[in-house]
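Reading through the structure tokens given below for one structure.
None of the figures in this text is laboratory data; all of them are computed from the coordinates on show. Owing to the predicted nature of the structure, the values given are computational and were not obtained by experimental measurement. Quick reminder, even Gly has a Cβ in these numbers, built from the backbone with ideal geometry, and neighbours come from all protein chains shown.
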Amino acid sequence: MKPDYERPVIQKLNTGLLNKFGSRTEQRPVKQIEGVAISDLMDQYGSPLFVISEKKIRQTYRRALKAFTMRYPKVQFAWSYKTNYLDAVCRVFHQEGSWAEVVSGFEYRKALGNGVPGNLIIFNGPDKSTEDLQMAVDNRSLIHIDHFDELYALIELLEGTEKRARVAIRVNMDTGVYPQWDRFGFNYESGEAWNAIMKIVTQKNLDLEGLHCHIGTYMLTPGAYSVATQKMCELAQATANRTGVKVKYIDMGGGFCSSNTLKGSYLQGVDVIPTFDDYAEAIVNTIMHFGFRPDELPLLILETGRALIDEAGSLLGTVLAAKRLSDGRRATILDIGVNILFTSFWYNHRISPAQEFTQHAEEMALYGPLCMNIDCIRESVSLPLLKRGDRVVIHEVGAYNMTQWMQFITLRPNVVMIDTNGKVHLIRKNETMESIVEQECLPDHLKDFTL
């Protein structure tokens, strides 16, 4: 076979900033996931292909749960459906004992469909229709009220009935991390949160059961959770002292980091992210030192999503072409676009070849197949030279990509799960022309034409 020829180019070398951890000294191919050959997966299910490791989900969940239960006697996780709401993924978390946390009527119905009892569903978010609220009331779900309009809608819904709603309020606050997440919920510092509490406890149809906050996303500072927990405890104590209502739980939301590397980060994500133990220390120590009696400790609820699922997901793809840009840089085009890898806008995802390669590496840009200039998976990454037909693995893609993806130019691919015994299951079928077109409705006057 005639070897590939590539015209030589003169390339300017820039050393850039030195990293105290040193530069990469080697790269190894990733040929299997949980013992299943990548070549077999792609030959059977196509390219691109999402792969979920059930084993990794369970391992990560148990590690997170242990970090908190070793330190605190009353802990409950609630799986964040918006992070990945494929039924197979959700049911793994529910088998592990996680409740459901949802932010829309669509997700709420998905949780019910997965067999989650209504009283173990937490309903967050600013968009709850009257129908959604009625459904949550009927199922005895925990309704986390986001704004006064929602509170008034719920009061009006229950007026003249004997039904009662189990509610909490979402609280936003200054934790020293900016920009402050104050779009959602009632503000702590302004007294808005206390105002909401007083309105709730004076309503005969509302039972205030908890307090909820979600201070941000990809939170690199565990100390911010300590500040937030302190304010939540103060609000719980004030509620008990001034109204006689003792809240049953404090929900600290999510926001824990996965080990992905944020764009612009000086160091790799795995070197800088806090551990589950770090987050647990910040939250639990604050509660335990606040002054609650042992028999009055509130249930601690956690809604972390990204940190529990990111590492369990991989995206397999194929090289379509290799070329040179006008400035001499190498560009490699994959069949993976930003339409299915939405998190490439946030992260410098780790990427590995899936076959043996030469030891020569080069800085290159990785592009997707979309006819859009924004379709860039990595602006610059050092990889071995990849040629048409080579396969790659993009790591840690389990969070948000399968809920924020879109059918744009290309069709969304298959998703498979490898169970704890190494068996592969198709958990979401790829889109087809028929599945897309069947949703369209064509007016009669547009059915016929002549060119």
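3J(HN,Hα) couplings calculated from phi for region 228-234 with the Karplus curve 6.51 cos²θ - 1.76 cosθ + 1.60 (θ = phi - 60°) are, in sequence order, 5, 5, 4, 5, 5, 5, 4 Hz; Gly and Pro show x. Based on DSSP H segments of at least four residues, each scored -39500 (n - 2.57), the chain has a per-residue ellipticity at 222 nm of -8000 deg cm²/dmol. Of the peptides 201-208, 439-446, 414-421, 213-220, the order by per-residue mean of other Cβ atoms within 10 Å, starting with the highest, comes out as 213-220, 414-421, 201-208, 439-446.
Which FRET efficiency value, to the nearest 0.05, do you get for E356 and Q32 by plugging their Cβ-Cβ distance into 1/(1 + (r/R0)^6) with R0 = 22 Å? The calculated FRET efficiency here is 0.95. Using only the C-alpha atoms, the convex hull of region 297-446 corresponds to 208 Å³ per residue.
Rounded to the nearest 20 debye, the dipole size of region 176-304 about its Cα centre is 400 debye, using +1 on the Cβ of Lys and Arg and -1 on the Cβ of Asp and Glu.
Dipole magnitude for the chain: computed about the Cα centre from +1 point charges on Lys and Arg Cβ and -1 point charges on Asp and Glu Cβ, it is near 1180 debye.
Applying both filters, DSSP loop and at most 13 other Cβ atoms within 10 Å, to the GluC sites (Glu not before Pro) of region 152-216 gives E159, E162, E189. Bridge orientation summary for the chain: considering DSSP beta bridges with both residues in this region, about 45 percent are antiparallel. Think of region 124-304 as a dipole: +1 on every Lys or Arg Cβ, -1 on every Asp or Glu Cβ, centred on the Cα centre; then among F290, P274, N124, F290 lies furthest on the positive end.
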